[in-house]
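The values are calculated or read from the model by the stated rules, or taken from the named source; none is laboratory data. Predicted model only: the values in this text are computed from it and were never measured. Cβ atoms come from the backbone with ideal geometry, glycine included; neighbour counts cover every protein chain shown. Ligands, DNA and RNA are excluded from the accessible area calculation, which covers all protein heavy atoms including side chains. Shrake-Rupley method; radii C 1.70, N 1.55, O 1.52, S 1.80 Å.
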Amino acid sequence: MKEDFFKYQAQTSPHPLAMEISHAVGSYIYATNGKKYLDFVAGVSACSLGHRHPRVIKAIQEQLDKYLHVMVYGEYIQQPAVTLTKLLAHHLPPSLEKTYLTNSGTEAIEGSLKLARRVTGRSQIIAANLAYHGNTMGSMSVMGYEERKRAFRPLLPDVSFINFNFEGDLSQITENTAAVLLETIQGGAGFIIPKNNYLQKVRKRCDEVGALLILDEIQPGFGRTGTLFGFQNYNIVPDILVLGKGMGGGLPIGAFTASSEMMDQLQDNPKLGHITTFGGNPVIASAALATLQELTESDVMAEVLEKEKLFRSILVHPLITEIRGIGLMLACITPSEEITNRIIMLCQEKGLILFWLLFESKAVRITPPLTISVEEIKEGCAILLSVLDQINELNK
């Protein structure tokens, strides 16, 4: 299997971890060699309720007995998609009323950029340095990291960049700006949270010049920060909200949400302003609906901030210089890229899954399932601390 993996499946990096998976349940992943791994990554924030959550599996199985794909998006009335989008509207501010379901977060970013240009009649998009919004051509165009996109130029024109949390750049948002696209919490940059009411100041500037504010909640959304959506921590409302990752309970999905007035402009002039074959797939929408219901009907989100406090109280070590983030979107910063690499690889050997961040080479990602137990947190942190002690001894 490993030989076939490298021979037939296209790779994204020169050195994938190449763990051969047998099965996964709850907070654990099992390899075909029988080894058990505690998962502190959750599919890069995608498995909000852990692996094979019973409510999600039940919803999938029930939909499988009804129908799979029947028609391209938006033509037929399919109960899972309608119920999902209605429930989303119920939990969002009134201006975020209508949702377009897509296949992934990056496709939702593409749709939001098109919508912003369609609504405003302007072309300029402003994004942030060190931003990551996906890897399709439009999403890559608003990626604030030249090294990752240089090989694929030319990209979308009329895209400019500002520095996240730097108010001095807000004057670059003008009457020519269609939209400002920001992650509510910068992910790839190292889990950078907004400071000094930064997002409120961006909101105010957008209102002054008639630009739209798009917030990318692909990673912080669906309970990861202790609220259903990250922007709810900062007393603002975006014009367009972009969703993905943890929305699907482990299945691929994305979405962008805006007012009915805005979203209806994709219907005509031209017709089919944004189309997708498999967006709103009934099986995936059923999984997403079950995920949203579980998050909003249980105590899962209410426990997130307490779990963050537990992580921060345990993970005190000379090789952890800082813990960034909020809720269960955390990153341990180490003194060097080399130490971070050793931590991740040694922890995997000892049965704990950790991972990297895209642009911050000294960061160790900790984004476990929101359902992780206190005992599992203590178990994983004990492994991590033992590895840190081991590295510390070798460095003496």
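Could you go through segment 277-286 and let me know if any residue there is surrounded by 16 or more Cβ atoms within 10 Å (Cβ to Cβ), touching a Cys at 6+ places or on another chain (Cβ under 9 Å) and under 24 Å from T225 (Cβ atoms).
No: zero hits.
Of all residues in segment 349-396, how many are part of a helix (DSSP H, G or I), of a type outside the set (A, V, I, L, M), under 19 Å from S45 (Cα atoms) and open to solvent by 10 Å² or more (accessible area, probe 1.4 Å)?
So the count comes out to 1.
From D268, D264, D216, grab the single residue that is modelled with pLDDT under 95 and out of contact with any helix residue (DSSP H, G or I) (no Cβ under 6 Å at 6 or more places or on another chain). Even if it seems obvious, please write down each step before you answer.
Working: D264 fails: modelled with pLDDT under 95; D216 fails: modelled with pLDDT under 95.
Of the residues listed, the single one that is modelled with pLDDT under 95 and out of contact with any helix residue (DSSP H, G or I) (no Cβ under 6 Å at 6 or more places or on another chain) is D268.
Condition first: on the phi < 0 side of the Ramachandran plot, touching a strand residue (DSSP E or B) at 6+ places or on another chain (Cβ under 7 Å), open to solvent by 60 Å² or more (accessible area, probe 1.4 Å) and in contact (Cβ under 8 Å) with a residue 40 or more places away in the chain. Can you find one or more residues in segment 49-66 that meet it? Steps first, please.
Here is the first cut: in segment 49-66, the residues on the phi < 0 side of the Ramachandran plot are 49, 51, 53-66.
In the following step, the residues that additionally are touching a strand residue (DSSP E or B) at 6+ places or on another chain (Cβ under 7 Å) were identified as 51.
Filter again for open to solvent by 60 Å² or more (accessible area, probe 1.4 Å), leaving none.
No, that holds for no residue.
Considering every residue within segment 214-224, establish whether at least one is in contact (Cβ under 8 Å) with a residue 60 or more places away in the chain and more than 21 Å from the chain's Cα centre (by Cα). Full working, then the answer.
Of all residues in segment 214-224, those in contact (Cβ under 8 Å) with a residue 60 or more places away in the chain come to 214, 216, 218-220, 222-224.
If we keep only those that are more than 21 Å from the chain's Cα centre (by Cα) too, we end up with none.
No: segment 214-224 contains no residue that is in contact (Cβ under 8 Å) with a residue 60 or more places away in the chain and more than 21 Å from the chain's Cα centre (by Cα).
Is there a residue in segment 121-141 that is on the phi < 0 side of the Ramachandran plot, in contact with a helix residue (DSSP H, G or I) (Cβ under 9 Å, 6 or more places away or on another chain) and either among the charged types (D, E, K, R) or at pLDDT below 95 (or both)?
Checked against the condition, which is being on the phi < 0 side of the Ramachandran plot, in contact with a helix residue (DSSP H, G or I) (Cβ under 9 Å, 6 or more places away or on another chain) and either among the charged types (D, E, K, R) or at pLDDT below 95 (or both), segment 121-141 yields at least one hit.
Residue check, A108 against (1) at pLDDT below 95; (2) open to solvent by less than 40 Å² (accessible area, probe 1.4 Å), all met but one. Which one?
(1)
Name every residue in segment 36-59 that is within 22 Å of the chain's Cα centre (by Cα) and farther than 28 Å from A382 by Cα, in order of residue number. Steps first, answer last, please.
Initially, segment 36-59 is screened for residues within 22 Å of the chain's Cα centre (by Cα), giving 38-53, 55-57.
Correct list: R55, V56, I57.
Please enumerate the residues belonging to segment 18-29 that are more than 24 Å from the chain's Cα centre (by Cα) and within 20 Å of P369 (Cα to Cα). Break it down into steps so the answer makes sense when it comes.
First pass over segment 18-29, keeping only residues more than 24 Å from the chain's Cα centre (by Cα): 20, 22.
Within segment 18-29, S22 is the sole residue that qualifies.
Mind checking which residues of segment 1-34 are open to solvent by less than 70 Å² (accessible area, probe 1.4 Å) and over 30 Å from E217 (Cβ atoms)?
Passing the criteria: F5, A18, S22, Y30, A31, G34.
Specify the residue that is most open to solvent (accessible area, probe 1.4 Å); the eligible residues are those in segment 149-168 that are farther than 11 Å from A128 by Cα and touching a residue at least 12 places away in the same chain (Cβ under 8 Å).
Looking at the filtered set, the residue picked out is F152.
Quick one: how many residues across segment 228-244 are surrounded by fewer than 24 Cβ atoms within 10 Å (Cβ to Cβ) and over 13 Å from S48 (Cβ atoms)?
So the answer is 6.
Do you know which residues across segment 92-125 are part of a strand (DSSP E or B) and without any contact (Cβ under 8 Å) to a residue 60 or more places away in the chain?
From segment 92-125, those part of a strand (DSSP E or B) are 98-102, 124-125; that's our starting set.
Result: Q124, I125.
Looking at (1) over 22 Å from K36 (Cα atoms); (2) at pLDDT 95 or above; (3) open to solvent by 30 Å² or more (accessible area, probe 1.4 Å); (4) hydrophobic (A, V, I, L, M, F, W, C), which is the only condition I339 fails?
Status for I339: all satisfied but (3).
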